[in-house]
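J.: I'd like to ask some things about the structure below.
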Amino acid sequence: MRAAFEALIGTESALELHNDAVLAQDYLVGSEYIVNTVSLDGKHHVTDIWKMHHLGANGVHDMAAGAQLMPRHGIDQDALVEYNCLVLDALGVRHGPAHTELKLTPQGPRLVESAARICGADVHVPTKGAIGESQLDWTVDAYVDPERFLERWEAGYELTRHAGIVNMVSPAAGKLVSYPKMTELRGLESFHDITLNVHPGDEIHRSIDDWTYPMRVYLVHETESVVMHNILSARYMDGEGFYDIV
């Protein structure tokens, strides 16, 4: 822990802010979830819930490998949402979007972090593809059409399609020549969209965090099993054969 503290204190964050403090957290055992919300006058609407996937790679024990969009209701989701709303109330979040990450431990939901902002990583892209509207749409409603928001804020969303996200994990650093299996990746049955963070000709880094994923793949399909099959297929493609690096 001391080594981690000394490696972080006094450095600049990915947002170019000075790290003048370090927060230590206990390691929480359990599945991690994302709960995205939009609030108006303290009324919290849940726009989307994601169950995260993790793997060990490149020396990182718990790397965020992707996520699967969850139905609004279920035993786990209801427990997470109840806890999440208490978190928002405790933090004084009454208006606008919030992005909260939680773990469902054997002792119940526990907070990892919460921020009064839109969820990043272009999560609105597969969300809108599967639900019809995203946290972005609900945020616009809260500010420009509050009456419409308040008429339906308690309604849960319905999955008209299923969605998944795969963060591709580069095993090496250097100059990216190409992605040899890109055509195969785009040919997945549930392929919906892609965010390329590293293009051919760019420098590529070994993936160790959110800032070093070369791409994110968004999957959307009417059948859940197809999405899960394609999540695993994309993960199988990933690795040394997926990248031409010099």
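The values are calculated or read from the model by the stated rules, or taken from the named source; none is laboratory data. Source: prediction; values computed, not measured. We place every Cβ from the backbone using ideal geometry, glycine too, and count neighbours over all the protein chains shown. Side chains are part of the model used for accessible areas, which takes the heavy atoms of the whole protein and leaves out ligands, DNA and RNA. Shrake-Rupley method; radii C 1.70, N 1.55, O 1.52, S 1.80 Å.
J.: Is one or more of the residues making up region 58-66 of a type in the set (D, E), touching a residue at least 60 places away in the same chain (Cβ under 8 Å) and either in contact with a strand residue (DSSP E or B) (Cβ under 8 Å, 6 or more places away or on another chain) or over 17 Å from V125 (Cα atoms) (or both)? I'd like the intermediate steps shown before the answer.
T.: Of region 58-66, the ones of a type in the set (D, E) are 62.
Keeping just the survivors that are touching a residue at least 60 places away in the same chain (Cβ under 8 Å) gives none.
Taking every residue of region 58-66 in turn, none turns out to be of a type in the set (D, E), touching a residue at least 60 places away in the same chain (Cβ under 8 Å) and either in contact with a strand residue (DSSP E or B) (Cβ under 8 Å, 6 or more places away or on another chain) or over 17 Å from V125 (Cα atoms) (or both).
J.: Does A163 satisfy the condition of being open to solvent by 20 Å² or more (accessible area, probe 1.4 Å), touching a residue at least 12 places away in the same chain (Cβ under 8 Å) and under 29 Å from M63 (Cα atoms)?
T.: So A163 does not fit the description; no.
J.: Just to check your reading of the model, which residue among S178, S225 is touching a residue at least 40 places away in the same chain (Cβ under 8 Å) and of a type in the set (S, T, N, Q)? Give the derivation first.
T.: On the way: S225 fails: touching a residue at least 40 places away in the same chain (Cβ under 8 Å).
Among S178, S225, only S178 is touching a residue at least 40 places away in the same chain (Cβ under 8 Å) and of a type in the set (S, T, N, Q).
J.: Applying the selection to region 110-129, what residues are touching a residue at least 60 places away in the same chain (Cβ under 8 Å) and over 15 Å from the mean Cα position of the chain (by Cα)?
T.: Listed by number, the residues that qualify are R110, G129.
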